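Only the coordinates and a few stated rules stand behind these numbers; no lab work does. On a predicted model such as this, the values are computed, not experimentally measured, just so you know. FYI the Cβ positions are ideal-geometry reconstructions off the backbone, even for glycines, and counts take in every protein chain you see.
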Amino acid sequence: MKLSAVIPTYNEVDSVRHLHAELSATADEHGYDLEKIFVADGSSDGSWDVVRSLSETDPRVRGIRFRRNFGKAAALGAGFDAARGQFVFTMDADLQDDPREIPRFLEAMRLE
């Protein structure tokens, strides 16, 4: 089963790599086919450079870049449109959401 994580980012340069690492570890541990879609919502702090770098080394990372800030709803919409997974979930890029909760989420849906 393919999963998609849609992650709006706005000036989150300090947390994007860490979130990517945690998502990758969770996916690897549980055998998930997890694509990570980072939507850079007009960031001016180098977040896009990190997303681009991650996408060059991890084929499961996809990036969408807005030229200016359109807001979280627009970022989520773009991410949902790009998602290829059977199931799509959202995560905040600031590490508010714990990737280790993904198995519990799937279990609650009886998908795992």
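The criterion of at least 3 residues that are without any contact (Cβ under 8 Å) to a residue 12 or more places away in the chain and exposed (fewer than 13 other Cβ atoms within 10 Å of the Cβ) is met by the following helices (runs of 4 or more DSSP H) wholly inside the stretch 32-112: 102-108. Could you tell me whether the stretch 47-56 includes any residue that is touching a His at 6+ places or on another chain (Cβ under 6 Å) and farther than 24 Å from residue 110 by Cβ? Yes; the residues of the stretch 47-56 include at least one that is touching a His at 6+ places or on another chain (Cβ under 6 Å) and farther than 24 Å from residue 110 by Cβ.
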